[in-house]
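Single-structure report; data block below.
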Amino acid sequence: MLLAFTFAISTLNATPATPGSPGRATNVEVPPPAPGKLYHGFYWGGVGTNNHDPTEHDVTPADVARYERAVGKRTAWIYFSDNWFESRRFPAATCNYIRLMLRSNVDQRHSEKTFSLRKIIAGAFDADLRAWAREAKDFGSPILIEWGTEPNGDWFSWNGRWNGGQRDGPTRYVAAYRHIVDLMRVEGADNLQWVWHVNWLDQPERKWNAFENYFPGANYCDWVGLSAYGPTTPMTRDGTESFAFKMRNAYSRLVKIAPGKPVVIAEFGCDLHNRRVNAANWAKAALENLFSNRWPGIVGFCWWNEGWQNDDHKEHDTDMIILHDPGLTSVFRDQFAKYPDKVQETPVEMTNDK
């Protein structure tokens with residue numbers, strides 16, 4: 001059961017606090033797990049169409065239960081996108097770990113026409129953001145939230161490439177990020193726990209595009225998140241390095257720029273059919289490294305459990321869905337069984353007694 005001040009399995013099975021009731025959130029934080037333990041979250045994919053993208057948010061209690069039965073462990077959070085091209089309302093029915101996505105569509109590698117950084121900074125969406133924040137506050141329970149996911153990757157429209165390049169891009173991102181956070185704090189949505197989430201590799205690999213240049217400041221993030229994928233399509237020739245390789249430089253950079261902040265592997269995954277990398281072996285090594293406490297600042301991880309179409313050839317489709325591969329399912333189940341004391345299954349309660 002999701003308590004008023006609890007970071008729990010999922011609000012898919014919970015009832016939010018009633019506005020004005022004692023359960024309403026005030027200065028509520030999502031706590032790190034107990035020492036030596038990791039939160040285990042996941043992202044659930046679905047089947048999309050040109051006009052609707054359920055792969056980013058359509059997840060049900062039955063989906064969660066099926067995943068948990070397969071891997072043998074409960075999840076601490078469900079990760080999903082709140083796409084504003086579909087609705088600007090607070091997603092109370094799904095809320096847990098939110099990617100706040102102010103974008104016009106799911107297409108990538110283009111500038112944003114509607115929700116541009118300039119318009120965000122200028123206050124064009126302040127009314128919507130304030131309303132969203134008020135609903136989040138009334139929801140009551142602590143929420144992990146991020147905006148501007150992977151800003152150092154040029155696939156998203158908030159990357160510097162699409163917003164003034166070297167001279168203005170990162171600066172505009174930081175200004176927009178702070179504007180959104182400031183607005184929601186003014187509305188009293190203190191139950192929002194802000195996760196600043198970057199990619200392990202700066203793309204393009206230019207000094208101006210280093211993720212450090214997108215850091216909004218220690219007062220504007222509570223946790224830091226990292227994406228570190230293996231090959232993401234059957235055809236991919238690059239990205240075949242191990243999870244540990246990708247962590248080698250990215251982790252040290254993160255803890256240097258945000259010392260003391262909890263680190264979450266917000267996204268990791270590997271395509272099941274890439275000819276150069278075996279997904280089960282890649283995931284096994286990654287999980288073993290995570291459970292070894294090799295990176296002590298890490299407090300949790302989230303597999304990106306999704307498949308998608310890349311072109312007109314079905315054999316080129318991406319598939320990272322754990323349940324589609326018995327070997328990968330066994331890896332997760334076996335690793336969880338091998339390290340039963342390393343996973344924080346029971347929700348951690350955080351009462352407002354400050």
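Worth pointing out:
- Enumeration of residues in segment 112-125 that are at pLDDT below 95 and open to solvent by 60 Å² or more (accessible area, probe 1.4 Å): Lys113
- Filtering segment 180-193 to residues that are in a helix (DSSP H, G or I) and either of a type in the set (D, E, K, R) or within 20 Å of the chain's Cα centre (by Cα) (or both) leaves Ile180, Val181, Asp182, Met184, Arg185.
- Residues of segment 175-211 classified as charged (D, E, K, R) and closer than 29 Å to Ala136 by Cα, total: 5
- Inspection of segment 260-271 identifies no residue that is under 21 Å from the mean Cα position of the chain (by Cα), of a type in the set (A, V, I, L, M, F, W, C), over 18 Å from Trp200 (Cβ atoms) and modelled with pLDDT of 95 or more.
- Within segment 85-101, residues that are on the phi > 0 side of the Ramachandran plot and of a type in the set (D, E, K, R) reach no partner that is surrounded by fewer than 20 Cβ atoms within 10 Å (Cβ to Cβ) and assigned to a loop (DSSP other than H, G, I, E, B) with beta carbons closer than 7 Å at six or more positions or on different chains.
- Selected residue (criterion: modelled with the lowest pLDDT) from residues of segment 171-212 that are open to solvent by 40 Å² or more (accessible area, probe 1.4 Å) and touching a Ser or Thr at 6+ places or on another chain (Cβ under 8 Å): Asp190
- Matching entry among Trp304, Trp308 (being on the phi < 0 side of the Ramachandran plot, open to solvent by 60 Å² or more (accessible area, probe 1.4 Å), of a type in the set (Phe, Trp, Tyr) and touching a Gly at 6+ places or on another chain (Cβ under 8 Å)): Trp308
- Meets criteria (β-branched (Val, Ile, Thr), modelled with pLDDT of 90 or more, under 22 Å from Met320 (Cβ atoms) and out of contact with any strand residue (DSSP E or B) (no Cβ under 6 Å at 6 or more places or on another chain)) for Val71: yes
- Those residues of segment 311-345 which are in contact (Cβ under 8 Å) with a residue 60 or more places away in the chain, part of a helix (DSSP H, G or I) and surrounded by fewer than 18 Cβ atoms within 10 Å (Cβ to Cβ), in sequence order: Glu315, His316, Leu323, Arg333, Ala337, Asp341
- The set of residues in segment 282-297 being in contact (Cβ under 8 Å) with a residue 12 or more places away in the chain, of a type outside the set (Phe, Trp, Tyr) and surrounded by fewer than 22 Cβ atoms within 10 Å (Cβ to Cβ) consists of Lys284, Ala285, Glu288, Asn289, Asn293, Arg294, Gly297.
- Scanning segment 213-254 for residues that are among the charged types (D, E, K, R) and either surrounded by fewer than 16 Cβ atoms within 10 Å (Cβ to Cβ) or not in a helix (DSSP H, G or I) (or both) returns Asp222, Arg237, Asp238, Glu241, Arg248.
The values are calculated or read from the model by the stated rules, or taken from the named source; none is laboratory data. Owing to the predicted nature of the structure, the values given are computational and were not obtained by experimental measurement. Methodologically, a virtual Cβ is constructed for each residue, glycine included, from the backbone with ideal geometry; neighbour enumeration extends over all protein chains shown. Calculation scope for accessible area: heavy atoms of the full protein, side chains included, ligands and nucleic acids excluded. Shrake-Rupley method; radii C 1.70, N 1.55, O 1.52, S 1.80 Å.
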